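*Asks:* I have a structure here, written as structure tokens, and I will follow up with some questions on it.
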Amino acid sequence: MRATFRAAMLESWANRRSFWTQLAAMFVNDIAWVAFWVLFFEEVGEVRGWARADALMLLAVITTAAGFVLGVTGNVRRVASVIADGELDAALALPTPTLVHLLARRIEPVNIGDLVFGCLLFALAGDPTPARIAVFAFGVVTAVFVYGGFLLALGSLAFRTGRGEVGELGFHAVTMLASYPVDIFSGPTKFVLYTVVPSAFVSSVPVRLLDSFDPQWAALGAGAALLSATIGVVSFQTGLRRYTSGAAWTRA
């Protein structure tokens, strides 16, 4: 796994100009989101208990977590297309666990920009203290497992359907919904954000812990992370048992 990850790092770093261009482009995109929230809350004040500082921390959490999942384990977003296009064949021939190789094989520089930006945003606007840094790290770790597990579970549906669209739709759904405070939603929609599309655990719950640490919410976040990761891994492994070669020898 170390050798695979090192190869992925060297590959992403081979074109340094492209690496820094992609990273800078994501920085600009994230700065635009910061400007949006700052202007929004200057006009409306608080929205259902959410203020500007909370929105910035929400952005810090989701960019850090999504940056790690989509940047460091870049193939997690592509699982469905890799399966549907028969690109798993190359990974199956290797003496390493297929899922581990798949996740470690690709690094996306553009999403590394998210990871760096999220950490910097917390450092600049999150009033970092040792306790808050620990809570932020805990929230990001749980968000990583929820986000990554959800994408992996949806992507693994391609083992049964042979199509990759569901994984991409799920990515856009969870990412878009996690970009907004969960409390702006109500009723059945809010229930969905804690269950079917667990975007609340990707951003809003970690921010809630930063605002006021609650052991019960922390346990709920940890439980959601464990459940999501387990569902993702089990979905992939059970689907892999029924995988039929696509006769395609490409880089997974």
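No value in this document is a laboratory result; all are computed from the given coordinates. Remember, it's a predicted structure, so these values are computed and weren't measured experimentally. Heads up, the Cβs are rebuilt from the backbone with ideal geometry, glycines too, and the neighbour counts pull from every protein chain shown.
*Asks:* Mean separation of Cα pairs under 8 Å and 6+ residues apart, divided by the residue count of the range 2-240: what relative contact order is that in percent?
*Replies:* Once divided by the residue count of the range 2-240, the mean separation gives 27 percent.
*Asks:* What order do you get for F145, F191, F19 when you list them from fewest to most C-beta neighbours inside 10 Å?
*Replies:* Least to most surrounded, the residues fall as F191, F19, F145.
*Asks:* Rounded, prolate or oblate: which fits the chain, taking a ≥ b ≥ c as square roots of the Cα gyration tensor eigenvalues, rounded meaning a/c under 1.5, else prolate when a/b beats b/c?
*Replies:* Prolate.
*Asks:* Let me ask another. Please give the contour-minus-distance gain from A35 to V100: 0.36 nm per residue of separation, less the Cα-Cα distance, rounded to one decimal in nm.
*Replies:* 19.6 nm
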